[in-house]
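Written out below as structure tokens is the structure these notes cover.
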Amino acid sequence: MSLHFTEVSSSHKMAVRCDICKRLYASVSILKVHLRTHTGERPFPCSECPKSFTSSGDLSRHSRSHSGARPFECQTCGKAFTDRGNLNRHKRIHSQEKPYSCDECGMTFSNRFHVNSHMLIHTGEKPFKCEECGQTFRHSSALNVHKLIHNGEKLYSCDQCDKKFLRKRALVAHRRVHDKLKLFNCEYCGKNYTYRSGLAKHRLSHTKEMRIPCEQCGKVFYSRTHFKNHQCCHKKNLKMPCRGDKSC
């Protein structure tokens with residue numbers, strides 16, 4: 001495997017940068033492991049399942065998923081982890097420590113992975129390409145989600161109805177309907193909404209950014225639904241009462 005890297009200097013002592021995705025690493029040996037994510041090489045197979053890994057450390061951590069072992073426990077909240085690295089990253093939630101900074105803008109982060117992801121914003125690099133349509137992405141996770149569009153697979157199912165979703169965050173948002181959660185509050189009148197989009201539409205009634213005038217009578221509406229209901233006031237031979245009589 002040929003190496004693709006550039007030596008760089010950094011405030012948080014990273015020494016080499018991957019020339020393919022621009023991520024920074026502390027040593028060439030760590031970079032070699034990282035390059036396997038680009039080549040697809042996974043030389044460490046699990047003896048319990050078909051999965052294989054790019055490093056022996058990843059294999060060791062994965063093996064604990066079969067044994068159920070979580071030997072690294074947070075002394076603050078009691079949460080346990082399969083490896084010490086995840087525990088150390090978790091501890092920064094409590095300490096609010098952000099030891100890694102971006103050399104371009106100075107923004108700070110709690111772990112090196114977030115720095116690497118953030119750097120792609122400055123470089124404009126999108127190293128992960130969809131083989132089906134050619135669309136590119138900054139992160140492999142975004143590419144994996146995008147691929148589901150092509151194969152039609154929806155991995156996230158609601159346990160209270162038959163709906164399925166491509167993204168976990170879409171499922172989380174959908175569950176608010178069942179839980180009757182309305183997390184988005186209007187600062188003008190206090191009305192609550194399940195979705196941010198619903199709140200955004202409602203705000204127009206206060207800010208009057210959307211004005212829909214009736215061409216027949218000149219009345220102005222700030223909701224497309226109210227406008228459509230109002231139109232029945234002008235129609236003849238109605239078979240049912242006007243639903244928008246309050247708007248008429």
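Couple of notes before you dig in:
- At the listed q of 0.17 Å⁻¹, the Debye profile of the chain, built from one uniform point per Cα, gives log10 I(q)/I(0) equal to -1.48.
- Reciprocal mean inverse distance between Cα atoms of segment 22-123 - Kirkwood radius, Å: 15.7
- Loop-exposed trypsin sites (Lys or Arg not before Pro) per DSSP, neighbour cap 10 Cβ within 10 angstrom, longest uninterrupted part of the chain: 14-179
- For segment 70-125, the Rg and Dmax computed from alpha carbons only, in angstrom: 13.7, 40
- Violating pairs (Cα-Cα greater than 26 angstrom) within the set LYS91/LYS129; LYS129/LYS163; LYS51/LYS129; LYS129/LYS182; LYS98/LYS164: LYS91/LYS129; LYS129/LYS163; LYS129/LYS182; LYS98/LYS164
- Exposed-loop-free span, longest in the chain, where chymotrypsin sites (Phe, Trp or Tyr not before Pro) count as exposed if DSSP calls them loop and at most 16 other C-beta atoms lie within 10 Å: 1-187
- Segment 99-128 and segment 161-193: distance between their alpha carbon centers, rounded to Å: 31
- Two-decimal log10 I(q)/I(0) for segment 13-67, as the Debye equation yields it once each C-alpha is a single scatterer, q = 0.13, 0.17 Å⁻¹: -0.38, -0.59
- Phi-based couplings in Hz for segment 139-144 (Karplus 6.51, -1.76, 1.60; Gly and Pro marked x): 10, 5, 5, 5, 5, 4
- Taking every Cα-Cα distance in segment 64-163 and sorting them into 5 Å bins starting at zero, the pair-distance distribution P(r) comes out as 2, 10, 14, 11, 12, 17, 17, 13, 3, 0 percent.
Readers should treat all values here as calculations from the given coordinates under stated rules, not as data from a laboratory. Just so you know, these numbers come straight off a predicted model, no measurement behind them. Because the Cβ atoms are built from the backbone with ideal geometry, glycine has one as well, and the counts that use them run over all protein chains shown.
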